[in-house]
């Protein structure tokens, strides 16, 4: 008698609402000289507030300087700390070369609730530009700090701030058993507080936010083949999209979340399909013998940008959501793939090969001009901040894959470092 | 009596139990397969040396002197064409599958890390399909063959140079029951 015990495979898969993970570290690697000088004075904390372990002013200063639009005054150079508007000596801030000044306080209301108050001043005019009092609790101070950053940024640049948004990304690392462990994580836009939403011993890829920002769709190989799942962030519950023989990949939600563009190869080779959430129907959008994949919706929901190998090498094409003829969008370079529209629809970013290097390119759809924004060898997966100011992407840092960000004009660059493991495929959330 | 205990797919925390079909484990048929002797797993043929000297008494799929022992096919960059040196390998697998119609195979397609991820999934599927086409031409029925396209997600080598890349541009021929 012969016993043959065979362990075919062991899948460790967990879907969680939220589990804490190692934090990201951000390092600004390139800034701009023209950044606007601003001083953010440490916020005063009322005597009855108790212990506050969140440095609100430091978070605001960090947000503003990471945007590349602002140069924040070092804390060691902030010698006097006005608590109220009438304590502000504008001349002394002018002498420090500051254009703007932020002061604020955390206090306890008579009803026991905390509130954060801030004021933004124009140092030269000597007047207040904006100011708010935001009720909160100790747990949400970090979120309030990002909201203040958003308000300051919008007041001074005219563009909505994206500091209160989040990022999702894929990580992989070799675990103690020597096997690769894949995760999708979600963190604040500044990389703080990463939480794991799904873990698997088989590949996870292509995270995509719904336009509402309450769910993330992704591709998982946990069943031994690719399937698309859509997971609600608040509950951790998920549903599996009906899957077909072959590829089930590249999910992308329409601006109204009523449809998902995706890649299927059920009818032969990889083509773009549109899944209608209401009817449950799958409609074939592209029809080529080459590879068609990586769909992206135009902000108005009318066009789909996608990668196609129909011309011999991967290039980006655009097709009406209703079908018809696809037109080629990229002309420069022998390799352009995985395009994403800017939130204003006026430009796209993509992976653009320069020589032997895969870098992030930006194509102005009006002028047809392509500019190269990054300098890596293997840069990929560009994703726009919802205000269009920054592009997050993945790059190699030595042997490791990390996330990096570049301003849409290419002038400001920063690296996000996660302890251990590879970090890739970032997806920036929409506005809340 | 022969007992085959097959423990498949243990999934933890909130995930549903799924059926096993295409997980082969590693490369090159490393799955353990019982002890030496005239044994072959469930569906296998058995080889015996007849001319003295070295004999191989394991499963024919593991016989190092047979092209069947080659279970990884490598590809050129951005190509899904099968190089001439692998034609004999594919032909051997085709003959084996054609002769053993109950045996099934999974073709796992892979790419190197260059290029975008979903495009690479499609490229890796094309590579596996090239192998499938060649198998089909040689009498293997479609129901015996399954394809999984992994793109660049499961590299065999973790480096970022040509040495690793060439090991990652591959189709693995996995016999799930072997």
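The values are calculated or read from the model by the stated rules, or taken from the named source; none is laboratory data. From a predicted model like this one, the values you see are computed outputs, not experimental measurements. Please note: Cβ atoms are built from the backbone with ideal geometry, for glycine as well, and neighbour counts cover all protein chains shown.
List of remarks:
- Some residue of the range B:81-90 being buried (at least 18 other Cβ atoms within 10 Å of the Cβ) and free of Cβ contacts under 8 Å to residues at least 24 places away in the same chain: yes
- Tally, over the range A:355-382, of residues that are in a strand (DSSP E or B), within 13 Å of chain B (Cβ to nearest Cβ) and buried (at least 16 other Cβ atoms within 10 Å of the Cβ): 8
- So residue A:227, is it crowded, with 24+ Cβ neighbours inside 10 Å and either without any contact (Cβ under 8 Å) to a residue 40 or more places away in the chain or not assigned by TED's automatic domain parsing to the domain that holds residue A:337 (or both): no
- Applying the set (1) free of Cβ contacts under 8 Å to residues at least 12 places away in the same chain; (2) in contact with a helix residue (DSSP H, G or I) (Cβ under 8 Å, 6 or more places away or on another chain) to residue B:67 leaves exactly one unmet item: (1).
- Filter result (part of a helix (DSSP H, G or I) and either away from chain A (no Cβ under 11 Å) or in contact with a strand residue (DSSP E or B) (Cβ under 9 Å, 6 or more places away or on another chain) (or both)) within the range B:143-164: B:143, B:144, B:163
- Residue in the range A:46-65 that is surrounded by 13 or more Cβ atoms within 10 Å (Cβ to Cβ), within 28 Å of the chain's Cα centre (by Cα) and in a loop (DSSP other than H, G, I, E, B) present: yes
- When A:212, A:240, A:179, A:245 are checked against the criterion of being in contact with a strand residue (DSSP E or B) (Cβ under 6 Å, 6 or more places away or on another chain), more than 30 Å from residue A:57 (Cβ to Cβ) and in the same structural domain as residue A:403 (by TED's automatic domain parsing), a single residue qualifies: A:240.
- Which listed residue is at pLDDT below 95, within 12 Å of another protein chain (Cβ to nearest Cβ) and under 30 Å from residue A:360 (Cα atoms), from B:78, B:112: B:78
- Qualifying residue in the range B:135-150 (condition: within 28 Å of residue A:220 (Cα to Cα), buried (at least 18 other Cβ atoms within 10 Å of the Cβ), out of contact with any helix residue (DSSP H, G or I) (no Cβ under 8 Å at 6 or more places or on another chain) and modelled with pLDDT of 95 or more): yes
- Checking each residue in the range A:245-262 for being in a strand (DSSP E or B) and away from chain B (no Cβ under 12 Å) picks out A:253, A:259, A:260.
- When A:167, A:184, A:197 are checked against the criterion of being under 19 Å from the mean Cα position of the chain (by Cα), under 16 Å from residue A:389 (Cβ atoms) and in a strand (DSSP E or B), a single residue qualifies: A:167.
- Check on residue A:224, in contact with a strand residue (DSSP E or B) (Cβ under 9 Å, 6 or more places away or on another chain), farther than 21 Å from residue A:300 by Cα and at the interface with another protein chain (Cβ under 9 Å from one of its Cβ atoms): yes
- Of the residues making up the range A:284-312, those that are surrounded by 15 or more Cβ atoms within 10 Å (Cβ to Cβ) and in a strand (DSSP E or B) are A:292, A:293, A:294, A:295, A:296, A:297, A:303, A:304, A:305, A:306, A:307, A:308.
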